[in-house]
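I have placed the structure first, in the form of structure tokens, so that the comments after it can refer back to it.
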Amino acid sequence: MTAGGTSRRVTHASARDLLNRTHLFPGPYTIKAIGLTSDDFVGRVVQAAQAVLQRAAAVRFSVRSTPNGLHVAVTLDLQVVDADEVLRVYRALQVVQGLRVLL
């Protein structure tokens with residue numbers, strides 16, 4: 001809800017327009033996925049991005065664990081063609097088992 005009490009829904013078109021205004025395409029784009037350490041969360045995140053982009057060199061990643069070892073942050077450094085590719089990767093990542101936060 002916004003301050004005026006109305007619901008504000010982000011559409012695919014508005015998200016694409018925002019990405020096009022704030023990023024240069026083709027080019028790099030970074031996404032962070034935070035989730036549970038167990039059950040190969042990292043592998044599922046990387047595989048989801050690779051399945052969308054279908055270019056082996058388009059997905060680089062790094063991993064950092066929390067001090068208690070319960071969660072892991074996966075940083076995806078992607079080479080994308082356009083804003084629609086970014087949105088397709090986000091859509092694929094939203095359903096990854098164990099995902100807690102997507103930035």
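Restricting attention to helices (runs of 4 or more DSSP H) lying wholly within the chain, give those where 1 or more residues are surrounded by 13 or more Cβ atoms within 10 Å (Cβ to Cβ), under 12 Å from the mean Cα position of the chain (by Cα) and touching a residue at least 60 places away in the same chain (Cβ under 8 Å). Lay out the reasoning, then the answer.
Values: elements: 12-22, 41-53, 83-93.
Hits in the chain: 83-93.
Would you confirm whether any residue within segment 62-73 is of a type outside the set (S, T, N, Q) and closer than 19 Å to Pro26 by Cβ? Give the derivation first.
At the first step, the residues of segment 62-73 found to be of a type outside the set (S, T, N, Q) are 63-64, 67, 69-73.
Next cut, closer than 19 Å to Pro26 by Cβ only: none.
No, segment 62-73 contains no residue that is of a type outside the set (S, T, N, Q) and closer than 19 Å to Pro26 by Cβ.
State the number of residues belonging to segment 36-90 that are in contact with a Gly (Cβ under 8 Å, 6 or more places away or on another chain), modelled with pLDDT of 95 or more and more than 30 Å from Asp17 (Cα to Cα). Quick ask: steps written out before the conclusion?
Applying the first criterion (in contact with a Gly (Cβ under 8 Å, 6 or more places away or on another chain)) to segment 36-90 yields 36-39, 41, 44-45, 71-72, 74, 79-80.
If we keep only those that are modelled with pLDDT of 95 or more too, we end up with 41, 44-45, 71-72, 74, 79-80.
Applying the additional criterion that residues be more than 30 Å from Asp17 (Cα to Cα) yields 41, 71-72.
Result for segment 36-90: 3.
The values are calculated or read from the model by the stated rules, or taken from the named source; none is laboratory data. Owing to the predicted nature of the structure, the values given are computational and were not obtained by experimental measurement. When we count neighbours, we look across all protein chains shown, and the Cβ atoms used for this are built from the backbone with ideal geometry, even at glycine.
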